[in-house]
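Chemist: To start, I am sharing the structure in question, which I have written as structure tokens.
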Amino acid sequence: MNYLHAYHAGNFADVVKHLTMVAIIGYLQRKDAPIRVIDMHAGSGRYSLTGREARATGEADAGIARLFENGNPQLPISLGPDADAFAKPYRDVISRLNPGPELETYPGSPLLARHLLRPNDRLTACELRDIEYYKLQKLFAGDPQVLARNVDSWSNLKALLPPDLKRALILMDPPFEERHEMDRALDAITLGVRRFPMGIYMLWYPIKAHYMADNWAKAMAKRKPDLGVETILRAELYVRAPDNEDQLNGTGLFIINPPYTLQKTLEDALPVLQRHLQQAPNSERFHKTSVEAM
Ligand SMILES: C[S@@+](CC[C@H](N)C(=O)[O-])C[C@H]1O[C@@H](n2cnc3c(N)ncnc32)[C@H](O)[C@@H]1O
């Protein structure tokens with residue numbers, strides 16, 4: 001396994017994934033009952049945007065930096081009322097983590113989730129790679145609300161689900177380095193929903209060529225009758241034409257049991273975000289950013 005998220009932290013895919021995660025957590029927190037966030041692929045939790053890895057790719061410059069004026073974390077750019085409301089809790093956490101005028105630190109999904117937890121909420125963060133787990137564990141050392149685990153989350157699913165709390169978000173964000181990663185993720189969702197049908201599951205996937213995303217959506221749709229869930233959302237945002245299989249051209253999410261408000265929220269916000277995050281002019285020309293219920 002070679003993948004290190006430090007090279008990609010804060011890129012356009014992180015922005016869309018993390019914004020959506022924050023929106024789902026906000027929805028779950030509308031009720032007083034405590035929630036658990038289960039982050040199955042946590043990474044190290046916190047990334048330097050000025051370090052060697054981030055500078056080598058510059059991906060955050062075309063991602064999170066574009067949601068602030070000149071990349072200044074204290075100056076959010078206006079995205080319009082709907083997208084601003086959607087992005088606010090996320091941009092607030094980034095501003096708090098970066099008190100100066102430079103964007104230096106980007107929160108990974110577990111740190112972002114941790115910032116949003118109320119006192120009775122809990123986070124489980126799983127990371128397989130030792131070097132990443134070591135940093136993750138250090139980040140949350142002594143935190144009674146966070147359980148960091150050095151495990152293969154796919155094979156540990158039965159220990160993770162059902163969780164102790166009835167309201168939970170399960171994030172799946174594998175590196176897609178292996179050929180059958182999507183099959184593994186769909187198997188995990190199938191087993192997960194069987195063990196914990198009330199959970200909200202969010203799976204991220206990369207989009208290089210559009211036909212790949214379509215094939216995965218077909219595979220997901222095929223599982224739906226077995227899952228017995230009412231709704232699965234497929235949300236995608238493109239930053240350029242999905243025709244070069246060597247690069248990440250778009251970002252996708254499957255959300256199983258989405259909050260009922262999420263489709264409309266994403267329909268309003270994603271086209272606005274696309275205009276800010278696109279890397280080829282008028283990328284909506286090549287493929288429309290879309291949110292569809294399956
Ligand atoms: C895309 S990164 C995660 C980024 C993180 N979710 C975020 O948004 O900040 C994927 C992480 O999953 C870890 N990983 C890969 N396979 C895993 C497995 N089977 N169980 C747990 N972690 C795994 C990798 O080491 C890597 O750190």
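The values are calculated or read from the model by the stated rules, or taken from the named source; none is laboratory data. Computed from a predicted model, the values in this text were never measured in an experiment. Methodologically, a virtual Cβ is constructed for each residue, glycine included, from the backbone with ideal geometry; neighbour enumeration extends over all protein chains shown.
Chemist: Looking at the stretch 146-171 only, could you name the residues that are polar (S, T, N, Q), under 13 Å from ILE38 (Cβ atoms) and surrounded by fewer than 20 Cβ atoms within 10 Å (Cβ to Cβ)?
Modeler: Scanning the stretch 146-171 gives a single hit, ASN156.
Chemist: Looking only at the stretch 157-174, decide whether some residue is among the charged types (D, E, K, R) and farther than 23 Å from LEU262 by Cβ.
Modeler: Yes, there is a match, as at least one residue in the stretch 157-174 is among the charged types (D, E, K, R) and farther than 23 Å from LEU262 by Cβ.
Chemist: Could you list, in sequence order, the residues of the stretch 111-136 that are farther than 27 Å from LYS31 by Cα and within 20 Å of the chain's Cα centre (by Cα)?
Modeler: Once the filter is applied, which keeps residues that are farther than 27 Å from LYS31 by Cα and within 20 Å of the chain's Cα centre (by Cα), the stretch 111-136 yields GLU127, LEU128, ARG129, GLU132, TYR133, LYS135, LEU136.
Chemist: Kindly provide the set of residues from the stretch 126-160 that are among the aliphatic types (A, V, I, L, M) and in contact with a Leu (Cβ under 6 Å, 6 or more places away or on another chain), ordered by number.
Modeler: Hits for the stretch 126-160 are VAL146, ALA148, LEU157.
Chemist: Could you say whether any residue in the stretch 19-26 is in a loop (DSSP other than H, G, I, E, B), crowded, with 22+ Cβ neighbours inside 10 Å, under 18 Å from the mean Cα position of the chain (by Cα) and within 11 Å of the ligand (Cβ to nearest atom)?
Modeler: no
Chemist: If you go through the stretch 162-176, how many residues are away from the ligand (no atom under 14 Å from the Cβ) and outside any strand (DSSP E or B)?
Modeler: Number of matching residues: 5.
Chemist: Oh, and also: Among what's in the stretch 35-77 and is among the hydroxyl-bearing types (Ser, Thr, Tyr) and not in a helix (DSSP H, G or I), pick the residue that is surrounded by the fewest Cβ atoms within 10 Å (Cβ to Cβ).
Modeler: Applying the filter and picking the extreme gives THR50.
Chemist: Which one is nearest to the ligand (Cβ to nearest atom), of the residues in the stretch 129-153 that are within 20 Å of MET21 (Cβ to Cβ) and not in a helix (DSSP H, G or I)?
Modeler: SER153
Chemist: Given the conditions (1) free of Cβ contacts under 8 Å to residues at least 60 places away in the same chain; (2) more than 23 Å from ALA280 (Cβ to Cβ), and given that MET21 satisfies all but one, which numbered condition is not satisfied?
Modeler: (1)
Chemist: Residue by residue through the stretch 91-145, note down the ones that are among the small types (Gly, Ala, Ser), out of contact with any Gly (no Cβ under 6 Å at 6 or more places or on another chain) and buried (at least 17 other Cβ atoms within 10 Å of the Cβ).
Modeler: Correct list: SER109, ALA113, ALA125.
Chemist: Any residue that is touching an Asp or Glu at 6+ places or on another chain (Cβ under 8 Å), in a loop (DSSP other than H, G, I, E, B), at pLDDT 95 or above and under 28 Å from LYS264 (Cβ atoms) - is there at least one of those in the stretch 228-244?
Modeler: The answer is no; no qualifying residue exists.
Chemist: Applying the selection to the stretch 177-223, what residues are within 16 Å of the ligand (Cβ to nearest atom), in a helix (DSSP H, G or I) and surrounded by 21 or more Cβ atoms within 10 Å (Cβ to Cβ)?
Modeler: ALA185, ALA188, ILE189, GLY192
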